[in-house]
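The structure under discussion appears below in the form of structure tokens.
Read-outs: derived from the displayed coordinates by stated rules, not from any lab. The structure presented is a predicted model; accordingly, all values stated were derived computationally and were not measured. Every residue, glycine among them, receives a Cβ derived from its backbone with ideal geometry; neighbour counts consider all protein chains shown.
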Amino acid sequence: MLERYIFFGLLLVAVLLEVAADVLFKKWSIDNKNILLIIGLAVYFIGTIFWAISLKYDFLSKAVSIFTVVNLILVVIVGMVVFTEDISVINKIGIGLGIISVILIEL
């Protein structure tokens, strides 16, 4: 049971760092400040370390599925809130299906 919590904790940290890096990359593309690109790459690298360590605690197929869907959901939310991006109804349905997929993977 403890391994499961460690796995999800590491995975959550990896996702949060990747989302932070994605935000930095987007800000770099808007502001054209190279420091944002460098910091984004560093944050991405640190997130990858957490991702790699999380693989010690669960199957790759399960980890990559959860990581991808949770990352997608958080990036969409951040895009909507921080960058005022709009998503379509079909995108919202896709996000809902992604949430359902994570739940089904965990059953």
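Taking Lys and Arg as +1 and Asp and Glu as -1, the other residues whose beta-carbon sits under 15 Å from that of ILE99 total 0. In a reduced charge model with +1 at each Lys and Arg Cβ and -1 at each Asp and Glu Cβ, the stretch 20-84 shows a dipole moment near 40 debye about its Cα centre. From the square roots a ≥ b ≥ c of the eigenvalues of the alpha-carbon gyration tensor of the stretch 36-85, which class results: rounded (a/c under 1.5), prolate (a/b over b/c), or oblate? Since a/c reaches 1.5 but b/c is at least a/b, the shape of the stretch 36-85 is classed as oblate. Counting only residues at least eight positions apart within a chain, or on another chain, there are no aspartates and glutamates with an alpha carbon under 17 Å from that of LYS92. Quick one: grab the alpha carbon gyration tensor of the chain, order the square roots of its eigenvalues as a ≥ b ≥ c, and give me rounded if a/c is under 1.5, else prolate or oblate depending on whether a/b is larger than b/c. Verdict is oblate for the chain. Among complete DSSP H helices in the chain, those whose alpha-carbon atoms stretch at least 27 Å along the helix's long axis and whose mean Kyte-Doolittle hydropathy reaches -0.5 are 2-31, 34-54, 60-82. A simple packing score, the average count of other Cβ atoms within 10 Å per residue, orders the peptides 46-52, 32-38 as 46-52, 32-38, with the highest score first.
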